[in-house]
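The structure appears right after this line, and notes come after that.
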Amino acid sequence: LHKAISPKIENCDSDFADKNSMAYAELVQVLDQKSLLLFITDAADDGRIALDISRKHFASTEKSRVLALYAELKTITMMDHGDVTIHIIRAERATTGLQASGKTIPDTMVMAMVLKGLPESYKPIIVVHITQLDQVKTFRDFKAALSNSANTEALRTNNVLQSAQHKTISVKS
């Protein structure tokens, strides 16, 4: 596969077409639907062209793309009862795109954007994380702490609801 995606060499071996098709098949299997739409019509069954189109899109340093990624990072919000993991992944995706464009995004900025985008129901968790930010040094630590807090809160809320339902059933009996 490496030969298929490396710069084209004249008079290369005859199985290049097969390797190029295999490279395309591998790309199609690992990319999400949105990414596939970038090249599915322009690079049908051509791994080299598909990879080139993907590289140009995701490694673009065009001002409009960089601004869109900054805007995405700044406006990331999570709906009530949303998934914290999905919320974090959205922030990471924007951050990764900015870093691929040569921009340096401090972990503390990403942490702040993630916290800012949490719904009001996460206020107690937000307060805890803001007061403990000096102890959390990396975004990786922050992600783990936030996920653990969200899971603990979800379990606590679930237990309170189950307890209330159990009391309601007991009173009716």
Going by what's in this entry, would Ile40 be described as over 24 Å from Asn151 (Cβ atoms) and either open to solvent by 50 Å² or more (accessible area, probe 1.4 Å) or in contact with a Gly (Cβ under 8 Å, 6 or more places away or on another chain) (or both)?
yes
Only helices (runs of 4 or more DSSP H) wholly contained in the range 30-123 count here; list those with 1 or more residues that are over 30 Å from Glu153 (Cβ atoms).
33-39, 47-58, 63-74, 84-100
Where a residue in the range 128-139 is within 11 Å of Ala112 (Cβ to Cβ) and of a type in the set (Val, Ile, Thr) and its partner, wherever it lies, is modelled with pLDDT of 70 or more and surrounded by 10 or more Cβ atoms within 10 Å (Cβ to Cβ), with Cβ under 7 Å and at least six apart:
Ile130/Leu115
Among the residues of the range 138-173, the number that are modelled with pLDDT under 75 and not in a helix (DSSP H, G or I) is 1
Pairs, please: C-beta under 9 Å, at least 6 apart or cross-chain, first residue closer than 14 Å to Ala94 by Cα and in the range 45-71, second in a helix (DSSP H, G or I) and of a type in the set (Lys, Arg)?
His57/Arg65; Leu69/Arg93
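The values are calculated or read from the model by the stated rules, or taken from the named source; none is laboratory data. Every value quoted in this text rests on a predicted model; they were computed, and no experiment measured them. A quick note on method: Cβ atoms are made from the backbone with ideal geometry, for glycine too, and the neighbour counts reach across all protein chains shown. Areas reflect the complete protein model, heavy atoms only, side chains present, ligands, DNA and RNA absent. Shrake-Rupley method; radii C 1.70, N 1.55, O 1.52, S 1.80 Å.
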